[in-house]
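See below for the structure under consideration.
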Amino acid sequence: MPSETDVLEPLKVAEEWCGEGRAVALATVIETWGSAPRPAGSHLVVDSEGNFQGSVSGGCVEGAVIAEAADVIASGKPKMLEFGVADETAWRVGLSCGGRIRVYVEPIDG
Amino acid sequence: MELSALQALNAARAARRAAVVVSDLSDGTARVFLEGTSFPAELAKAISAAFLTGRPGPLTIEGRSLFFNVHLPPPRLVAIGAVHISQALARFAPVAGFDMAIIDPRTAFATAERFQGVELLADWPEDVLAARPLDRYTALAALTHDPKIDDYPIRAALQAQCFYVGALGSRRTHAARVERLRQAGVAAEAIERIRAPIGLDIGASSPAEIAVAVLAEIIEALRRRDLGGEGGKA
């Protein structure tokens, strides 16, 4: 029986989506500095339509990660992203908490 | 990550096996290692450390940029007593990431319609726990305040070094329980581990509020548990 946890569990969602034939990218928090809302190892799963489940930052940079995930799915190549107040795009997708994070985005290869 | 690796990881997690995933960040390939199996020599130290600390992180080994992710089994919550508080706990605990089981030999209480979505075992704790022993990653909440039902699983939980052992009942009920356990030969420092009155002191009144107080106390016990020695192992 699927519990409520399953619904919130991005790795199970990723497997389900792959099973449905959807193209899927997995984003993982690799490293954090300072105050970052989600710890290393946290996952966000994205499909080619921009549907997503999970979180890598508590909402601050998810939009940017989802946009990059589309490129990763299209190219089939993984990508490392960095976000933080020192980032030149901070005004757009910075972490308001003042932390910095590195997020790895990779395709799930069937 | 390959779909086959993702499937292997999800299967391990469903079976409550601890797993470390080692991803090569240069190309996205991933390998899944289960606790209790053998690891490649160059990775063995980092994989073992990941299992022990439960902390994911990047590491460069032999010039390769790797990421070690750790998946420890989700903590379990075993509630003794299919009571009103357990009904609320059965709603909250799965959302907070706990696998929950409820044990109560009184079949009038332990009905499936009162407890959807969690495991319900309408049998004596002695019998259930013989088949499915408690472990360090399990919290036990004794909620019947009937010594015939609660006392055995409390002793079993102390012996299994469950990260949390809580027992419902007034100070007076608990004083009587402490005396029974002492007479039964349970060590004083073990008895001191029992959280009673149960739940953080937030002035909880309704069964649902008490369930929140109990769950908060369980989370505190889990997150602040002693990681020294064997305690940190899955």
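The values are calculated or read from the model by the stated rules, or taken from the named source; none is laboratory data. Note that the structure is predicted; figures quoted are calculated from it, not measured. As a convention, Cβ positions derive from the backbone with ideal geometry for all residues, glycine included, and neighbour counts pool all protein chains shown. These accessible areas exclude ligands, DNA and RNA; they are computed on the full protein's heavy atoms, side chains included. Shrake-Rupley method; radii C 1.70, N 1.55, O 1.52, S 1.80 Å.
Here are the numbers for the structure shown:
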| read-out | value |
| --- | --- |
| Proximal lysine pairs, the protein assembly as shown, alpha carbons under 30 Å, eight or more residues apart or interchain | 7 |
| 16 Å reach of a label modelled at B:Ala41, 7 Å along Cα-to-Cβ, counting backbone N of the stretch B:58-73 | B:62 |
| Estimated inter-spin distance, B:Ala131 and B:Ala190, nm [label 7 Å along Cα→Cβ] | 2.5 |
| Per-residue SASA entry for A:Trp33, accessible area with 1.4 Å probe, Å² rounded to 10 | 90 |
| In degrees, nearest ten, helix B:84-95 long axis to first principal axis of chain B (Cα) | 10 |
| Chain B: angle of helix B:171-183 to the longest principal axis, Cα-based, in degrees nearest 10 | 80 |
| DSSP-assigned coil residues among trypsin sites (Lys or Arg not before Pro) in the stretch B:1-102, each with at most 14 further Cβ atoms within 10 Å | B:Arg16 |
| Percent of beta bridges antiparallel (DSSP, the protein assembly as shown, rounded to nearest 5) | 65 |
| At R0 = 51 Å, FRET efficiency that the Cβ-Cβ distance of B:Thr107 and A:Lys77 yields, to 0.05 | 0.30 |
| Rounded Å value of the spacing that divides the Cα centres of the stretch B:143-174 and the stretch B:1-66 | 38 |
| Residues with amide H under 5 Å from that of B:Ser65, placed H, sequence gap 5 or more | B:Leu25, B:Ser26 |
| Spin-label pair B:Arg171/B:Ser206, simplified geometry with 7 Å Cα→Cβ offset, distance in nm | 2.8 |
| Gaussian network model of chain B, Cα within-10 Å springs - most flexible of B:Leu43, B:Leu222, B:Leu72 | B:Leu43 |
| Inter-label distance, nm, simple model (7 Å from Cα along the C-beta direction), B:Glu62/B:Ala49 | 1.7 |
| Fraction of accessible area attributable to carbon and sulfur, the stretch B:35-99 (%, probe 1.4 Å) | 54 |
| Tilt relative to chain B, helix B:147-159 - C-alpha long axis, 0 to 90 degrees, to 10 | 30 |
| Chains A and B, summed buried accessible surface - 1.4 Å probe, Å², nearest 100 | 1900 |
